[in-house]
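A short reminder: the numbers here are calculations on the coordinates, not readings from a lab. What you see is a predicted model, and the numbers here were worked out from it, not measured in a lab. Note that each Cβ is placed from the backbone with ideal geometry, even for glycine, and that neighbours are counted across all protein chains shown.
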C-alpha cells in the first residue's frame with residue numbers, strides 16, 4: 001500500500017461523505033485467492049475512525065485462503081492475522097443503494113515481515129509503478145462482462161422472448177431491457193462508464209466497461225458485477241458470471257482489453273506475455289472448469305499460443321496498434337493478481353527487449369499443418385488443457401515466481417491444489433452449484 005494512500009485517507013473520505021450526505025454505511029471489499037469478493041459493512045463513523053488511523057480492521061485467518069470447494073473450511077498452516085486497509089482514494093457511491101458507499105481494500109498479513117507481500121492489489125500497484133518508471137509506460141484496460149440469467153431453480157431463465165444470438169434485439173424488448181436500464185442508471189450514479197450492452201449469444205448478455213488505469217478498471221469491474229447481481233436479484237433472477245453456469249448453456253469469459261503507451265513498447269511487452277502464457281493461465285483461468293474454454297469459439301480462449309489481428313480463435317486478439325484483447329481470463333480470477341502477473345511479464349519483455357517471435361496470425365489456423373503454423377506464425381505450443389498443467393508450468397517458472405513473490409505464489413497455489421483435489425470427488429453438477437454460491 002502506498003504512503004500517499006494513507007495520507008489521503010481522512011481528507012478523501014471526509015470530502016466524499018460531504019459530497020454524498022445520505023451515505024450512512026461503507027462496504028469494505030477485498031478479493032481472495034479464489035476470486036471471491038468478500039465484504040464487511042461498517043457505519044460511517046467507524047469508517048472515519050479507520051481512515052484517521054484510530055483503529056484497524058482485523059480479519060479472520062481464512063479471509064484470503066478459503067477454497068470454493070471446501071468453503072467455509074480453510075486450511076491455514078498456522079494461525080494468521082490479517083488486516084484490511086481501505087484504498088480511500090477510490091471510494092464510490094453504491095448506485096443501487098445510495099445510503100451505502102463501497103471501497104476496495106489492501107490486505108496486510110501481520111505475521112510476516114513484509115506485511116503486504118501477499119496482497120494482490122499492492123503487488124499490482126508496485127508493478128504499475130515499475131512499468132511507469134521504466135520509460136513512462138502506462139496501461140489502460142476495460143472488460144467485457146458476460147453473464148447468464150438463472151431462475152430460482154438455478155436453471156436457465158426462460159422469458160417469453162429469449163435472448164438471441166449475436167446482437168439481435170430479441171430478449172431486449174421486455175423486462176430484461178428495463179432491468180438493464182436500471183443497472184446502467186446505478187452504474188452511472190457510481191461513476192462507472194459503460195461502453196455498450198447487448199445479447200452476446202443465446203441466453204447470454206454482455207456489458208462492456210470503458211478503459212481506465214488498471215486498478216481503477218478492476219475496481220469498476222468488480223463493483224459493476226456486484227451491481228448486476230444485486231439488481232437482477234431484486235427481480236428474482238440470478239445473474240451468474242461463473243464459467244459454466246448452466247450444464248447446457250453458454251460459457252462465460254471475462255475478456256480484457258489492454259493498451260500500452262508508448263506504442264514502441266508494444267512488441268516487447270506482448271513478447272513477455274506470450275513467452276509466459278502457460279504459467280499466466282494459472283492466474284487468468286484458475287479453476288477446473290476454465291479449461292472448457294480452451295477451444296476455437298467466439299467465447300473461447302483459443303487452442304494454441306499465438307496472437308492475431310481480429311482473430312478470436314487465439315488467446316490474444318490484436319485490435320489495433322498496441323491494443324489487444326486478452327481472452328485467457330474468466331471471472332473466477334483474482335483480477336489484481338492476474339493483471340499484476342501480465343504486467344510483470346510484459347515489463348520483463350520491455351526490459352530485456354524481447355523479440356516478438358510469434359507473427360500475426362490474421363487468419364484461421366485449422367487449414368494449416370503444425371509445420372506450417374510454426375513456419376508462418378511461429379506457433380509451436382498448445383494452450384494448457386487443465387489447471388493441473390498450468391500449475392505445473394507455474395511451479396517450474398522461476399521468473400514469474402520471483403516477479404510475484406514466493407510468499408504470495410505459495411499461498412495462492414496451495415489454494416488451487418486443494419481445489420484440484422476436492423473437485424475430483426464430486427460431480428459436475430455439485431461443482432456447478434458450489435461455484436454458483438459465489439459467482
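Would the range 298-345 count as rounded, prolate or oblate if I go by the C-alpha gyration tensor, calling it rounded below 1.5 in a/c and otherwise prolate when a/b exceeds b/c, oblate otherwise?
Judged from the Cα gyration tensor, the range 298-345 comes out oblate (a/c at least 1.5, b/c at or above a/b).
List the relative contact order of the chain as a percent without decimals, with contacts defined as Cα pairs under 8 Å and 6+ residues apart.
Result for the chain is 16 percent.
Please give the peptides 36-45, 62-71 ranked by average Cβ packing (other Cβ atoms within 10 Å per residue), highest first, as a rough proxy for protection.
Order by mean packing, descending: 62-71, 36-45.
Sort 326-332, 216-222, 228-234 for me by packing, meaning the mean count of neighbouring Cβ atoms within 10 Å per residue, highest on top.
Per-residue mean Cβ counts within 10 Å order the peptides as 326-332, 216-222, 228-234.
Roughly how far apart, in whole Å, are the Cα centres of the range 366-400 and the range 147-190?
So the two Cα centres are separated by 37 Å.
Please arrange 223, 160, 368 by counting, for each residue, the other beta carbons lying within 10 Å of its beta carbon, fewest first.
160, 368, 223
For n ≥ 4 DSSP H runs only, could you compute -39500 (n - 2.57) per run for the chain, divide by its residues and tell me the 222 nm figure to the nearest 500?
-12000 deg cm²/dmol
In which sequence would 198, 385 go, from the one with the fewest C-beta neighbours within 10 Å to the one with the most?
385, 198
How large is the translational diffusion coefficient of the chain in µm² per second when you combine the Kirkwood radius over alpha carbon pairs with Stokes-Einstein at 10 °C and 1.306 mPa s?
For these conditions, the coefficient is 71 µm²/s.
I'd like the distance separating the alpha-carbon centroids of the range 198-277 and the range 32-67, in whole Å.
25 Å
Under the classification rounded if a/c is under 1.5, otherwise prolate if a/b is larger than b/c and oblate if not, where does the range 331-439 fall, given a ≥ b ≥ c as square roots of the Cα gyration tensor eigenvalues?
Oblate, since a/c reaches 1.5 and b/c is not below a/b.
Explain nothing, just the number: relative contact order of the range 33-147, from Cα pairs under 8 Å at least 6 residues apart, as a whole percent.
15 percent.
For the range 307-379, what does the relative contact order come out to in percent, with C-alpha contacts under 8 Å and a separation of six or more?
Once divided by the residue count of the range 307-379, the mean separation gives 31 percent.
Let me make sure I get this right: for the range 332-375, a, b and c are the square roots of the gyration tensor eigenvalues over alpha carbons, sorted descending. Under 1.5 in a/c it's rounded, otherwise prolate if a/b > b/c, else oblate. Which is it?
oblate
For the range 3-116, which semi-axes, largest first and in whole Å, follow from the square roots of 5 times the eigenvalues of its Cα gyration tensor?
27, 17, 10
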